[in-house]
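Note sheet for the following structure.
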Amino acid sequence: STVVLVFQAPVAKSSKDKASSTDFRFNINRGDRIRVGEALGR
Amino acid sequence: SSSSNGNTFLLPGATVATILMFGALHARRLYDDRKVEEAKERGIEPGFQPDAKASFLNILPLRTISRIWGSLMSVELPVQMRPYVYKAWARAFHSNLEEVALPLEEYPSMRDFFSRGLREGCRPIDNDPQCLISPVDGIVVRFGELKEPGAMIEQVKGFSYSVSTLLGLNSFLPMVSGKDVVQKNGEVEDSHKDQIKKSWWRVSLSSPKIQDPIPASPMKGLFYCVLYLSPGDYHRVHSPVDWNVLVRRHFSGRLFPVNERATKTIRNLYTENERIVLEGQWQQGYLALAAIGATNIGSIELYIEPELRTNRPSKKFLQFEPPEERIYEREGVGFMVKKGEEVAAFNMG
């Protein structure tokens with residue numbers, strides 16, 4: 001079975017803006033094994 | 001043929017032909033899989049390539065097969081047999097029996113064992129308020145930011161599906177950018193004005209001609225993440241964040257397998273399969289969770305709606321049926337679910 005998450009999160013206004021600490025960023029890779037409770041991103 | 005001590009036995013021709021045919025098909029499949037592995041090692045991602053098996057699956061009554069499978073798996077096992085059966089399953093599908101909440105003897109059937117809970121403390125929750133946690137155990141298939149025009153997620157290289165088809169055509173999926181609601185002259189399309197007024201996500205529109213008193217807000221992006229649960233995984237779904245679940249959509253659909261091979265060979269896999277979509281709002285805006293069934297896992301159970309049943313017998317052409325929708329009480333507030341709480345569970349049949 002499969003679960004798909006779709007969600008909004010802060011991003012830099014445009015690619016020219018420097019990434020700021022509030023921008024959402026995944027901290028996973030494709031193929032990673034992940035478990036309930038582990039961070040997908042911040 | 002005849003054995004050494006002179007007596008003979010015969011295999012009917014048809015049996016020999018069937019054995020040879022299956023042998024040839026299996027050899028062909030091993031050969032294809034090896035080619036795919038070699039391409040992957042060379043960093044070439046195999047593209048979308050329908051095959052005979054996918055066409056064959058298309059004509060099979062997969063929902064019925066799934067329900068029969070579920071009935072078989074619901075048969076109560078003798079207590080003495082249960083540990084052997086569940087250990088064999090765990091060995092075959094790499095399940096971790098250390099984490100199982102109850103003694104194995106206490107799961108009456110395979111189906112009860114499949115939707116087992118875990119011992120307390122086995123899944124610590126990352127409590128950083130800015131963090132989004134994985135709702136399930138599984139493998140990260142794909143993730144990223146949804147870009148304009150329109151929001152598509154790649155099922156496999158060469159084939160994508162639209163997020164609004166996955167979540168429901170009347171989903172309140174926020175537009176990725178204001179552009180596709182703004183006509184050429186910079187005015188907002190009437191049909192969308194209401195949605196924008198009501199939507200929790202304010203569109204920062206660049207055109208000065210917009211008269212709406214909508215103040216500019218920090219930019220938000222739309223992200224997605226696809227997670228695959230293999231048969232041996234823990235099959236309960238937890239909440240990724242603190243959020244308000246506002247609406248539930250139940251799509252009765254096909255029950256194709258959703259393994260890696262199926263994603264490469266079956267078109268519209270996720271948007272045609274039976275699924276439940278929960279939509280709502282978290283602190284950063286919109287959030288939706290789609291739980292998608294498969295042939296062996298046709299049941300999706302919602303804790304906030306225990307009476308909801310999926311994979312029910314139906315004579316209609318399900319692909320063309322609109323989803324069953326329910327807006328949770330109080331409109332605009334819905335169900336408040338805490339991060340890490342159990343929200344749903346997959347089950348056999």
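Values in this text are rule-based calculations from the coordinates and carry no lab data. Keep in mind the model is a prediction, meaning the values are calculated, not measured. Neighbour counts are summed over all protein chains in view; Cβ atoms, including those assigned to glycine, are modelled from backbone coordinates with ideal geometry.
General remarks:
- Between amide H atoms placed 1.01 Å from N, distances below 5 Å from B:Tyr286 occur with A:Gln8, all of them 5 or more places distant or on a separate chain.
- For segment B:47-153, the relative contact order is 21 percent, taking Cα pairs closer than 8 Å that sit 6 or more residues apart in sequence and dividing their mean separation by the residue count.
- Residue-by-residue Karplus 3J(HN,Hα) for segment B:49-63, coefficients 6.51, -1.76, 1.60, Hz, glycine and proline x: 8, x, 9, 4, 5, 4, 5, 5, 4, 4, 9, 7, x, 5, 5
- This ranking places B:Leu102, B:Leu229 by how few other beta-carbon atoms lie within 10 Å of each, fewest first, which gives B:Leu102, B:Leu229.
- Charge dipole (Cα centre; +1 on Lys/Arg Cβ, -1 on Asp/Glu Cβ; no other charges) of segment B:241-349 amounts to roughly 460 debye.
- Shielding value for B:122-133 is 5, the average number of Cβ atoms from other chains within 10 Å of each residue's Cβ.
- Rounded to the nearest 20, the Cβ-based charge dipole of segment B:96-173 about its Cα centre (Lys and Arg +1, Asp and Glu -1) stands at 380 debye.
- Placing unit charges on the Cβ atoms of the charged side chains and taking the dipole of segment B:32-185 about its Cα centre, the candidate lying farthest along the positive direction among B:Leu62, B:Val141, B:Leu102 is B:Leu62.
- Extension gain (nm, one decimal) between B:Ile68 and B:Arg312, 0.36 nm per residue minus Cα-Cα: 86.7 nm
- Protection-proxy order for peptides B:79-91, B:233-245, each taking the mean of Cβ atoms within 10 Å per residue, highest first: B:233-245, B:79-91
- Footprinting exposure proxy for B:Thr263, A:Thr22 (fewest neighbouring C-beta atoms within 10 Å first): A:Thr22, B:Thr263
- Residues whose amide H lies under 5 Å from that of B:Gln155, counting only those 5 or more places away or on a different chain, are B:Ser160, B:Tyr161; hydrogens are built 1.01 Å from N in the peptide plane.
- Protection proxy ranking, peptides B:252-260, B:92-100, average beta carbon neighbours within 10 Å, highest first: B:252-260, B:92-100
- Only one residue of B:Leu302, B:Phe335, B:Pro313 has its Cα farthest out toward the positive end of the dipole of segment B:302-349, where Lys and Arg carry +1 and Asp and Glu -1 on Cβ, and that residue is B:Pro313.
- Segment B:211-349: relative contact order as a whole-number percent, Cα under 8 Å and 6+ apart: 36
- Assuming charge only on the beta carbon of Lys and Arg (+1) and of Asp and Glu (-1), the dipole of segment B:1-154 about its Cα centre is about 700 debye to the nearest 20.
- With the charge dipole of segment B:236-295 set up from +1 on Lys and Arg Cβ and -1 on Asp and Glu Cβ about the Cα centre, the Cα lying farthest toward the positive end among the listed residues B:Gly293, B:Ala262, B:Gly280 is that of B:Ala262.
- Within 10 Å of the Cβ of each residue in B:286-297, the mean number of Cβ atoms contributed by other protein chains is 3.
- Under the Karplus curve 6.51 cos²θ - 1.76 cosθ + 1.60, θ = phi - 60°, whole-Hz ³J(HN,Hα) for segment B:118-129, x wherever Gly or Pro sits: 10, 4, 4, x, 6, 10, x, 9, 6, 8, 4, x
- For the residues of B:86-96, the average number of beta carbons from a partner chain within 10 Å of their own beta carbon is 0.
- Ordered by the number of other Cβ atoms lying within 10 Å of each residue's own Cβ, fewest first, B:Leu30, B:Leu287 fall into the sequence B:Leu30, B:Leu287.
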